[in-house]
Amino acid sequence: LCRYQEWLPGKKLGDGSMKGVEGRVDQPARCMNCKEPLESPIGCLHCHSIFPDERSLSHFDRLGLPTRFDLSREDIDRKYLAWSRELHPDFHATRGVADQHISLRLSASLNDAYSTLRDPFRRAEYLLHLLGGSTATEHR
């Protein structure tokens, strides 16, 4: 289990916003275990580390996608499939109980992120929510 302290979308290393992650200011965040670039703050696809504290992450961060409306269904599906395999509780069955619980929680949050972002209407609603705007649901 790799200790991952903070991920703030849109921030770069060296500006004090990403603690517990190694790298240079002009480079992507890197895993503290294997030093490979991270695609998402929920884990490392190279060494299979999972990071426990993902509660403040957006759905876009969880899937390792840019925060924007214009995303292809193929990109969303590809990222989801890669992360769902990586985080699946069966993959972590031989690890400790803590990793199994983290895996279960991360899998659930990943499924929620995927179901929101794969639907263009729900993705638009979610983006409006993230940006502080009112959504269609709030106007009903």
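The values are calculated or read from the model by the stated rules, or taken from the named source; none is laboratory data. A quick note: this is a predicted structure, and the numbers were derived from the prediction, not measured. Using ideal geometry, Cβ is built from the backbone for each residue, glycine included, and neighbour counts are taken over all protein chains shown.
For this structure, a couple of remarks:
- Look at the range 48-62: where a residue is at pLDDT 75 or above and a partner is assigned to a strand (DSSP E or B), sitting 6+ places away or on another chain with Cβ atoms under 7 Å, you get 49/43; 50/43; 51/43; 61/40; 62/40.
- The residues of the range 65-78 that are of a type outside the set (Asp, Glu), assigned to a helix (DSSP H, G or I) and exposed (fewer than 12 other Cβ atoms within 10 Å of the Cβ) amount to a single one, 73.
- Close pairs (7 angstrom Cβ cut-off, 6 or more residues apart or separate chains): among the small types (Gly, Ala, Ser) in the range 112-136, loosely packed, with under 14 Cβ neighbours inside 10 Å and in a loop (DSSP other than H, G, I, E, B) anywhere: 124/69
- Looking across 110, 81, one residue alone is crowded, with 16+ Cβ neighbours inside 10 Å and under 23 Å from residue 56 (Cα atoms). It is 110.
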